[in-house]
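Participant: Submitted below is the structure of interest, expressed as structure tokens.
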Amino acid sequence: MKNFVLPFMLAASATASAQGADKRPNIILILADDMGYSDLGSYGSEIKTPNLDRLASEGTRFCEFYNNSISAPTRASLLTGQYQHRAGVGYFANNLGLPAYQGYINRESLTFAEVLEHGGYHTYLSGKWHVSGRENGKEVSQPWQRGFEHSFNANNGSYFDQGDYVPANATEQQKKDAAKRKRPYYKDGQPVELEPGSYYSTDLITDNAVDYIKEQTGDKPFVLYLAYTAPHWPLHALPEDIAKYKGVYDEGWDVIRQRRFEKQKQLGLIPQNAVLPENEDNNYEWAKLSYDRRKEWVKKMEVYAAMIDRMDQGIGRVLDALKAKSIDDNTLVIFISDNGAPAEDLIRWHGGASRNSGPLGTIGSSESQSRNWSHLSNTPFRAYKDFVYEGGIRTPFIAWFPKKIKAGRIAKGTGHIIDLAPTFYDLAGVEYPKELNGVKANELHGKSLLPVLFDGKESVDRVEALCWERAGNRAVRIGKWKLESHWPNYSWELFDLENDPGETHNVASRNHEVVSKLSTAYFNWAKENNVVDFHYLEEKEPKMMRAFRQSKVQDIKSEVPTHFLIK
């Protein structure tokens, strides 16, 4: 890849000297939240995503790209190029009392904003952060402390308020609870107070991203981290977007899942011999639901689809802003999701049932997609967010750079979020420092994606194993083989992803040498990255998260409560 980058950078340097401006490429990283592998049109969906589909048709898609199965650990890795434990976010955004599990990015794990700012880039964040914490009573690892020149930091507690909405007939206790939930947004480190019901957060995130682009003077390139909260629960959407999907999901998840699966085969995203995993999670059979129950479930997916639709509209506005500044031909845009679609059921978890005070999709509602529809979103894979089956860790990946990245290409890829930061440094011609601001930096372990994106290689040239650990769920991949286990079961399962991407056939019993090789690689990785057996951390797991995880390993099938409001 150096053969491409060096002449490219020399040309950029010569142009900068002649014109007094730095012409290195701009970089935009777009991150969706809790969106499944098949939720874009270009990955098999019926959801209207014309702007992302345009990026896919004019750029390159990966069949295989991986995250860390849940929000904060994924964000820690993509920001730093480190495995999440080495970055300090081994479990979640909670401090479990060990350096690898402190819940926020440590100083030794430099963010790409810190490195690129040092290398002459403007650096911007608009959206969700989720990798900060407290140290000696002070806020640490906030975006304005980790290299971002300007930042608009929004939470995902609600799309219409900052946690402080209360209905007109609220009790005194409900008002007190709302006051405790309030979480302001922050702009450049200062709290932003917004009137409940006066905005929609996806649009706010887009607005700030567009403003950053409009303000460019051309003095130097920029990197923009555009981290949407959509389509993470609660299911909130604008009426005009919901209306687009009326009737689209009336056939139910079984029929639509099969339709997405066949489309993925036609697109070339999965092999023709792939098998769609059976319903192993005791999800409802659509045909056995009553008419009223079907209508309730349909409404959920209509709102979820509308949330993705509005995010795609925002991405279209970002692309328009690039074109208006005549910098679209000099910008790399990458789109991914932080994990697979979730299994959370807010009726049974996180106080969702008690917080519902309005029709689904509105400011007073608190609902989630739930695993029945998430099973559709994660087509063609097993499981959900928080698991290390492919449904939890595989994300769509779209890369767009006019005249640099081949249009309409689908590559195997086999990339990982630890590869993003090295890719940005490679593209920008910025050397990753051994030390920055007096802090010795952790060594990078990811690989640049540019040989795949620019030189036409089919997948990342990686000798090392790819590994995962999340709250006792473990996995390791080398070549076509993937070995994994899910807490609390320590038994290994082995899958041939080349022929069985849906992980439908466990072949561990007849491939002992492969199991031995991959398990050895996993334990070596775990030792190098300070991974602790979750047995020793389980008692430190926050009560809320423990209840959530326990609910996922049981049969949580239940009827939708009567207060699940539909309008």
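The values are calculated or read from the model by the stated rules, or taken from the named source; none is laboratory data. On a predicted model such as this, the values are computed, not experimentally measured, just so you know. Neighbour counts are summed over all protein chains in view; Cβ atoms, including those assigned to glycine, are modelled from backbone coordinates with ideal geometry. For accessibility, only protein heavy atoms count, side chains too; no ligands or nucleic acids. Shrake-Rupley method; radii C 1.70, N 1.55, O 1.52, S 1.80 Å.
Participant: Report the full-extension gain for the segment residue 174 to residue 435: residue separation times 0.36 nm, less the Cα-Cα distance, to one decimal in nm.
Facilitator: Gain on stretching residue 174 to residue 435: 89.0 nm.
Participant: Is the stretch 245-397 rounded, prolate or oblate when judged by the Cα gyration tensor, a ≥ b ≥ c being the square roots of its eigenvalues, rounded requiring a/c under 1.5 and prolate requiring a/b larger than b/c?
Facilitator: Because a/c hits 1.5 or more and a/b fails to exceed b/c, the stretch 245-397 counts as oblate.
Participant: Restricting attention to the alpha-carbon atoms of the stretch 338-414, what are Rg (one decimal) and Dmax (integer), both in Å?
Facilitator: Expressed in Å, the Cα Rg and Dmax of the stretch 338-414 come to 17.2, 53.
Participant: Kirkwood Rh, the stretch 169-210, all Cα pairs: how many Å?
Facilitator: Result for the stretch 169-210 stands at 12.3 Å.
Participant: Taking each pair of distinct Cα atoms in the chain once, what is the resulting Kirkwood hydrodynamic radius in Å?
Facilitator: 24.0 Å
Participant: List the pair-distance distribution P(r) of the stretch 68-210, using every Cα-Cα distance, as the percent of pairs falling in each 5 Å bin from 0 up to the bin containing the longest distance, rounded to whole percents.
Facilitator: Taking all Cα pairs of the stretch 68-210, the binned fractions are 2, 10, 17, 19, 18, 15, 10, 5, 2, 1, 0 percent.
Participant: Once you have the alpha carbon radius of gyration of the stretch 448-547, what is it after dividing by 2.2 N^0.38 Å, with N set to its residue count?
Facilitator: In units of the globular-protein estimate, the stretch 448-547 measures up at 1.25.
Participant: So how do 280-291, 465-476, 401-412 stack up, highest first, on mean other-Cβ count within 10 Å?
Facilitator: 465-476, 401-412, 280-291
Participant: If I take the Cα coordinates of the stretch 229-321 and project them onto the principal axes, what are the three extents in Å, biggest first?
Facilitator: Here the spans come out as 43, 38, 21 Å, largest first.
Participant: Sorted by average packing, counted as other Cβ atoms within 10 angstrom per residue and highest first, what order do 362-373, 492-503 take?
Facilitator: Per-residue Cβ counts within 10 Å, averaged per peptide and sorted highest first, yield 362-373, 492-503.
Participant: Keeping all protein chains in the complex and leaving out DNA, RNA and ligands, what accessible area do you get for residue 544 with a 1.4 Å probe, in Å² to the nearest 10?
Facilitator: 90 Å²
Participant: Under a cut-off of 13 Å between alpha-carbon atoms, report the aspartates and glutamates in cross-link reach of residue 180, not counting same-chain residues fewer than 8 places apart.
Facilitator: 164, 172
Participant: Further, regarding this structure: With the alpha-carbon atoms as the only input, what is the per residue convex hull volume for the stretch 183-275 in Å³?
Facilitator: Cα-based convex hull of the stretch 183-275, divided per residue, equals 207 Å³.
Participant: Show me, for the stretch 111-117, the HN-Hα J-couplings you get by feeding each phi into the Karplus relation (A = 6.51, B = -1.76, C = 1.60, θ = phi - 60°), rounded to Hz, glycine and proline as x.
Facilitator: Listing the rounded values in order: 7, 5, 5, 5, 5, 6, 4 Hz.
Participant: Extending each Cα 7 Å along its Cβ direction at residue 532 and residue 181, get the distance between those two points in nm, one decimal.
Facilitator: Between residue 532 and residue 181, the simple spin-label model gives 3.2 nm.
Participant: Here is a further query. Could you list which residues have their amide H under 5 Å from that of residue 397, counting only those 5 or more apart in sequence or on another chain, with H placed in the peptide plane?
Facilitator: Those qualifying (amide H under 5 Å, at least 5 residues apart or on another chain) are 62.
Participant: Can you check how the C-alpha radius of gyration of the stretch 310-375 compares to 2.2 N^0.38 Å, as a plain ratio?
Facilitator: 1.66
Participant: Let me ask another. Computed FRET efficiency, Cβ-Cβ of residue 57 and residue 188, R0 51 Å: what is it to the nearest 0.05?
Facilitator: Efficiency computed from Cβ-Cβ geometry: 0.90.
Participant: With +1 on the Cβ of every Lys and Arg and -1 on the Cβ of every Asp and Glu, and nothing else charged, how large is the dipole of the stretch 409-521 about its Cα centre, in debye rounded to the nearest 20?
Facilitator: 100 debye
Participant: Probe 1.4 Å, all protein chains in place: accessible area of residue 545 in Å², nearest 10?
Facilitator: Solvent-accessible area, nearest 10 Å²: 10 Å².
Participant: If the cut-off is a Cα-Cα distance under 19 Å, which aspartates and glutamates reach residue 138, setting aside same-chain residues fewer than 8 apart in sequence?
Facilitator: 108, 188
Participant: I need the fraction of alpha carbon pairs in the stretch 241-280 separated by more than 12 Å, rounded to a whole percent.
Facilitator: 66 percent
Participant: Output ³J(HN,Hα) for the stretch 126-133: one whole-Hz value per residue in order, computed from phi by the Karplus curve 6.51 cos²θ - 1.76 cosθ + 1.60 with θ = phi - 60°, and x for Gly and Pro.
Facilitator: 9, x, 7, 9, 6, 9, 10, x
Participant: Please report the carbon-and-sulfur percent of the accessible area for the chain; probe 1.4 Å, protein heavy atoms only, DNA, RNA and ligands left out.
Facilitator: Accessible surface attributable to carbon and sulfur in the chain totals 49 percent.
Participant: Can you tell me the accessible area per residue over the chain, all protein chains present, probe 1.4 angstrom, in square angstrom?
Facilitator: Result: 39 Å² per residue.
Participant: Starting from the coordinates of the alpha-carbon atoms of the stretch 331-490, obtain the Kirkwood hydrodynamic radius over all distinct pairs and give the value in Å to one decimal.
Facilitator: Its Kirkwood hydrodynamic radius stands at 18.6 Å.
Participant: Which of the residue pairs 23/323; 265/517; 265/480 have a Cα-Cα distance greater than 23 Å in the structure shown?
Facilitator: Pairs exceeding 23 Å: 265/517.
Participant: Please list the equivalent ellipsoid semi-axes of the stretch 401-515, computed as the square roots of five times the alpha-carbon gyration tensor eigenvalues, in descending order and whole angstrom.
Facilitator: 31, 22, 10
Participant: Could I ask something else about it? Cα-Cα pairs above 14 Å in the stretch 383-430: how many percent?
Facilitator: The proportion of pairs with Cα distances above 14 Å equals 66 percent.
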